[in-house]
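Report on one structure; see the data block that follows.
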Amino acid sequence: MSVHICFGVKSSMIDSFQSDVLEKEYQNIYKPVAKFLYSHPAFCLSFSFNGPQFEFYRRKHPEFIEILQMLIGRKQIEILGGGFYDPVFPLLFPRDRTGQIELLSSSIREAVGKRPRGLSMCASIWESSLLSCFSTCGMEFVMLDETLVPPEKNTCIPLIMSDKGKSIIILPVENSLKPQPNVQISGFIDAVTAKVQKSQRNSEPHIQSGEKVISIQFSHKELKKLLESGWLENLSTVISDEKNEKCILSIPSNVVKNSVVFQPVFIPAGMSGEIAQWAIKPYKAVKTTSYFPVTIYDFLQLYPQSRALYDRMMYVSMLVNQSHGDKIRKKVARDKLWEAQNGNSFICTAEGAFVNSSFRQNSYKNLVEAEKIVRECNEFEESVSCFDYNGDGLNEYIIRMQNYFAAVNLLGGAIREFDLMQASGNYADNLSRVQEFENCNDNYERGLFVDHIFTDEEFSEYLLNKPTGNGVFSKMIYTESKFSAQHKEIQLSVCALFKNRQNVSLRKKILASSSGLTIQYILKNESSRQLKAKFAVESSFAQTNFNAQDFNAYRLEILTDGQKQEIDTKSSSKALNASGKLANVEGFQLTDTDNSISFMFEPNEQCGLSFFPIVFNRPEYTTGENVPASMTFANTLFWDINLEPGMEMEKTINFSIFNMHKKRRTVKK
């Protein structure tokens, strides 16, 4: 019994588009591997490239492409296809799926003269509807993680799945057999043969006669260690020995071509075990023994920030698909959309902080670019619309102005997405503090214009950046009082029980304009007792260019008693609040220095101001070590409340956006 062993190397991280990173990978990985393959004609290997990575090598290292072309001629290597930007295929519309596959396939065919026959997928994220798409694109086989295959099936035989008259061959990737440099070659071969023999036991006789294949895919680091240790050299020597009858090195397309017997299978939606273990509990690796496989949709439900990016991507996809007019601009917009669909923005499949904000922000920037181009294709009109934007059963309010895009959520009545057309990312892409990583829980979802009402004792804790209560309003679902698309006006209301004994109501009016928003609050004491409290409006601005080494990019300037002064924002406002320096603020300007954008807050009455930068830590994907993953700058305007029964209080905040390169406005006294 001979077993075909198909080794493969995974593609680069899709976020690593920088030339210096790709050059380093070439020098450390691909160049040594190409040299090894050239000098060892019997050693077979398959390559997976994403589009930007492959195009970089075509431009900068044509000699590498020539070597690949020669090795393909030897039938020693194979280049697998896939999506150009390594997307999560189930999340895309069919047109985007086929478009990304065809784009990468065309690039590979132009460079090496041969079109891919099979493909690899981001984290093996699969659903049955992909079968028809892959078949339409001319793909004969797909590499899928073995954990997706039903346990009763023989994973050492090529599988075949059919749906609606089309079929595709599936080669399971056996990560459990991945060798380490300190493992003896004989031990590895014995493990491979033992795996095959075990899989054969419960198979039908005609299935047992099929070609035996073990597919293993390495990351760059794993392959580098095996190459530098001499392990691959030793394996090549052993496999080439005439006495060896156990294993044959091969490439996937040859196995598929020579196979006569395939095992029928149906694989439901799922994802690789490496990622699925993170989709059971937030930021915890949990092995599941459930009969139901974990899907990408389970992952999105568990991580709200990834889900929010998916909602935005779906919305921009709709805009691109419905765009008419300039075909060239539409094509450029679709290219930006595809670039935003890279899988690392939704799940982190490489080293780095798990669900790292930098991946998401890059996608948000590309989505903004795509929407800007779509707006240029047609005559854009500013609008405010109301529909279920994120599929949670509640309507959201979508504000599309010339300078920004915003989504208002009924949960907390806050802005949960805020993208500027300057392609600076989503300023509302905030995490929340978690006890395990920040030693406290926020107990509410952050955003812009999140409303709180506190007792004096709770607010004292809040000023120390400590979670206290939940601010009452911040966790409640607001109801629509009035909506006018014509006047770009949203009126929301909510009733709450303060201190478990006093009824309080809040009316919130949001008026959108090209330059920003006007937020009006009317707080009413609905109880028979005097209401004494602190009313606070919190806005958390995510850093869209997050860098763990230099995470404080916001500059704060305040106006008090007619005097303008700049405030140090490297630490919280705890000391300034205690000294009373931030008690009578007439307005303030928050500037994102990285993107040259300023935000102006102008309350109709003097207010108190607090602020604190927050760094969110999350586990690193490979080691589990907690590392900085995101940063936000939270600022809060607050007022003392002293209302008799039945009385109301009105506060208004004018919120403006402008480019700091333009002539600055002065804060009105």
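Among the trypsin sites (Lys or Arg not before Pro) within the stretch 178-240, which fall in a DSSP loop and have no more than 11 other Cβ atoms within 10 Å of their own Cβ?
Of the trypsin sites (Lys or Arg not before Pro), the ones in loops of the stretch 178-240 whose Cβ has at most 11 other Cβ atoms within 10 Å are Arg201.
Here are labelled values, (1) 27.5; (2) 28.5; (3) 30.7, and one is the computed Kirkwood radius over Cα pairs in Å for what I pasted. Which one?
Looking at Kirkwood radius over Cα pairs in Å for this model, the match is (1).
Please get the size of the charge dipole for the chain, origin at its Cα centre, with Cβ charges of +1 on Lys and Arg and -1 on Asp and Glu, quoted in debye to the nearest 20.
680 debye
Amide H of Gly413: which non-local residues (sequence gap of 5 or more, or other chain) have their own amide H closer than 5 Å, using H built in the peptide plane?
It is Tyr478, by chain and number.
So for Tyr364, Tyr404, fewest C-beta neighbours within 10 Å to most, what's the order?
Result, fewest neighbours first: Tyr404, Tyr364.
Taking the chain as the reference, fit the longest principal axis to its C-alpha atoms, fit the long axis of helix 94-112 to the helix C-alpha atoms, and give the angle between the two in degrees, 0 to 90, nearest 10.
Roughly 50 degrees between the two axes.
What angle do you read, to the nearest 10 degrees and between 0 and 90, between the alpha-carbon axis of helix 327-340 and the longest principal axis of the chain?
With both axes taken from Cα atoms, the answer is about 80 degrees.
If you take every DSSP beta bridge fully contained in the chain, what fraction is antiparallel? Give it as a percent rounded to 5.
So the antiparallel bridges amount to about 80 percent of the total.
Express as a percent, rounded to the nearest 5, the fraction of DSSP beta bridges in the stretch 3-270 (both residues included) that run antiparallel.
Just about 20 percent of them are antiparallel.
Can you give the percent of C-alpha pairs in the stretch 35-83 whose distance is more than 14 Å?
The share of Cα pairs beyond 14 Å in the stretch 35-83 comes to 52 percent.
As a test of the formula, what do you get for the chain when each DSSP H run with n ≥ 4 contributes -39,500 (n - 2.57) and the sum is divided by the residue count, at 222 nm and rounded to the nearest 500 deg cm²/dmol?
About -8500 deg cm²/dmol.
State to the nearest 20 debye the size of the charge dipole of the stretch 474-524 about its Cα centre, where the only charges are +1 on K and R beta carbons and -1 on D and E beta carbons.
It works out to roughly 260 debye.
Could you give me the ³J(HN,Hα) list for the stretch 362-378, computed from phi with Karplus coefficients 6.51, -1.76, 1.60 and θ = phi - 60°, whole Hz, x at Gly and Pro?
Taking θ as phi minus 60°, the curve returns 4, 5, 4, 4, 5, 5, 4, 4, 5, 5, 4, 5, 4, 4, 6, 5, 10 Hz for the stretch 362-378.
Amide H of Phe498 versus every other amide H placed in the peptide plane: which residues, excluding those fewer than 5 positions away on the same chain, fall under 5 Å?
Asn503, Val504
So which of Lys281/Lys581; Lys284/Lys482; Lys488/Lys524 end up more than 32 Å apart by C-alpha?
Distance filter (> 32 Å) returns Lys281/Lys581; Lys284/Lys482.
At Lys257 and Glu152, where each label point lies 7 Å from the Cα along Cα→Cβ, what is the point-to-point distance in nanometres?
Between Lys257 and Glu152, the simple spin-label model gives 3.6 nm.
Counting other C-beta atoms within 10 Å, which of Arg433, Arg109 has the fewest, and how do the rest follow?
Arranged by neighbour count, lowest to highest, Arg433, Arg109 become Arg109, Arg433.
Using a/c under 1.5 as the rounded threshold, could you call the stretch 552-597 rounded, prolate or oblate? The axes a ≥ b ≥ c are square roots of the C-alpha gyration tensor eigenvalues, and prolate needs a/b larger than b/c, oblate otherwise.
oblate
Quick one: what are the phi-derived ³J(HN,Hα) couplings along the stretch 65-79, Karplus 6.51/-1.76/1.60 with θ = phi - 60°, whole Hz, x for glycine and proline?
Result, ordered by residue: 5, 5, 5, 4, 4, 5, 5, 5, x, 6, 6, 9, 10, 9, 9 Hz.
For the stretch 531-546, what does the Karplus curve 6.51 cos²θ - 1.76 cosθ + 1.60, with θ = phi - 60°, yield as ³J(HN,Hα) per residue in whole Hz, taken in order and with x for Gly and Pro?
In residue order, the calculated couplings are 9, 10, 6, 10, 9, 10, 10, 9, 10, 10, 9, 5, 7, 7, 10, 5 Hz.
Please report the orientation-averaged projected area of the stretch 3-270, defined via the convex hull of its C-alpha atoms, in nm².
Directional mean of the projected Cα hull area for the stretch 3-270 stands at 13.7 nm².
Highest mean first, what order results for 460-468, 497-505 on Cβ atoms within 10 Å?
Highest mean packing first, the order is 460-468, 497-505.
Can you compute the modelled spin-label distance between Asn604 and Asn28, with each label point 7 Å from Cα toward Cβ, in nm?
Modelled inter-label distance: 5.8 nm.
On a C-alpha basis, how far is the centre of the stretch 413-477 from the centre of the stretch 251-274 in Å? Whole number, if you could?
So the separation of the two Cα centres works out to 47 Å.
So, by mean Cβ neighbours within 10 angstrom, what's the order for 264-270, 83-89 with the highest one leading?
Listed from highest to lowest mean packing, they are 83-89, 264-270.
Find the relative contact order for the chain and round it to a whole percent, using C-alpha pairs within less than 8 Å whose residues are 6+ positions apart.
Once normalised by length, the contact order is 10 percent.
Could you check what % of the DSSP bridge pairs in the stretch 102-195 are antiparallel, to the nearest 5?
For the stretch 102-195, the DSSP antiparallel bridge percentage is about 40.
Which of Ser209, Ser306, Ser513 has the fewest other C-beta atoms within 10 Å, and how do the rest follow up to the most?
Fewest-to-most ranking of Ser209, Ser306, Ser513: Ser209, Ser513, Ser306.
Could you please report the charge total around Ile558, scoring K, R as +1 and D, E as -1 over all other residues with beta-carbon less than 12 angstrom from its beta-carbon?
Surrounding charge for Ile558 is -3.
Is the shape of the stretch 137-194 best called rounded, prolate or oblate, per the rule: a/c under 1.5 gives rounded, else a/b larger than b/c gives prolate, else oblate, with a ≥ b ≥ c the square roots of the Cα gyration tensor eigenvalues?
Prolate, because a/c is 1.5 or more and a/b exceeds b/c.
Taking the Cβ of Trp639 as the centre, find all other residues whose Cβ is under 11 Å away and add up their charges (Lys, Arg: +1; Asp, Glu: -1).
-1
Ranked highest first by average number of other Cβ atoms within 10 Å, how do 533-541, 648-656 line up?
In descending order of packing, they fall as 533-541, 648-656.
Please state the shape class of the stretch 416-550: rounded when a/c is under 1.5, otherwise prolate if a/b exceeds b/c and oblate if not, all from the C-alpha gyration tensor.
oblate
For helix 185-200, what angle does its Cα long axis make with the longest principal axis of the chain, in degrees from 0 to 90 and rounded to 10?
Tilt relative to the chain: about 90 degrees.
With point charges of +1 on the Cβ of Lys and Arg and -1 on the Cβ of Asp and Glu, referenced to the Cα centre of the chain, which listed residue (Phe218, Asn175, Met318) lies farthest in the positive direction of the dipole?
Of the options given, the answer is Met318.
Each value in this text was obtained by applying a stated rule to the coordinates, not by laboratory testing. All values derive from a computational prediction rather than experimental measurement. Quick reminder, even Gly has a Cβ in these numbers, built from the backbone with ideal geometry, and neighbours come from all protein chains shown.
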